[in-house]
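To start, the structure itself, in structure tokens.
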Amino acid sequence: MACHTAAMGDTPGSNGTAEPTLEEQIAAYQREFQGLDPQVEKIVSALSRLNRRMHVAYGRQTAALGISNAEWEVLKALVLSGAPYRMGPSDLAKRLGLTPAAMTHRIDRMVTEGLVTRERDETNRVRVIVELTPDGREKWLEAMRLASVFEEDLLQDLSPLERTVLGEVLTRLLRRVEDAQPDAGGRLTDLD
């Protein structure tokens, strides 16, 4: 993990300058907001930066497979639903925190790419079913293989005990946020 932290100061910011290190960021925050707990801020800022960088890394991997992160989310939701990997568009939209229009747009692209099918439900002709295709499942598996290598590399310096403790601590933090904000699983606005 130390190698990732050292590189953080070298990351270009939105204005083309290097992003401040965590230490520089915390020092600036303390200068402007005296009530700041630097230990808490370091943890939260590190988690935020790690999340952002992991999202970019996963995006590069899915792009190399010819799919977007947005499409990956749909493939993942269908796989998580279990065989036969089918869901209604409104259920998918709710799971992903999207509007029905954004979900329709995403499904349209994925049908064209052969990742999913969209058919009328034979038992209820009003209902539409989105189903994972064999090609879609293969893309999901390829993305999982790439992610597995990336994630193992990310955690290589942690012992099995450290991994267990980190997983438990992060799960507790996640539960606290989920309990406090149960509706925060989606997005504030559609990004699609």
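The values are calculated or read from the model by the stated rules, or taken from the named source; none is laboratory data. In this text, all values refer to a predicted model and were calculated from it rather than measured experimentally. Virtual Cβ from ideal backbone geometry, glycine too; neighbours counted across all protein chains shown.
Numbers at a glance
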item: Within segment 21-49, tally of residues that are among the small types (G, A, S), free of Cβ contacts under 8 Å to residues at least 12 places away in the same chain and part of a helix (DSSP H, G or I); result: 3
item: Index of the failed condition, L170 passing every other in (1) farther than 22 Å from H55 by Cβ; (2) assigned to a helix (DSSP H, G or I); result: (1)
item: Selection from segment 46-67 of residues that are surrounded by 17 or more Cβ atoms within 10 Å (Cβ to Cβ) and of a type in the set (G, A, S); result: none
item: Among (1) surrounded by 11 or more Cβ atoms within 10 Å (Cβ to Cβ); (2) at pLDDT 90 or above, the one test that L36 misses; result: (2)
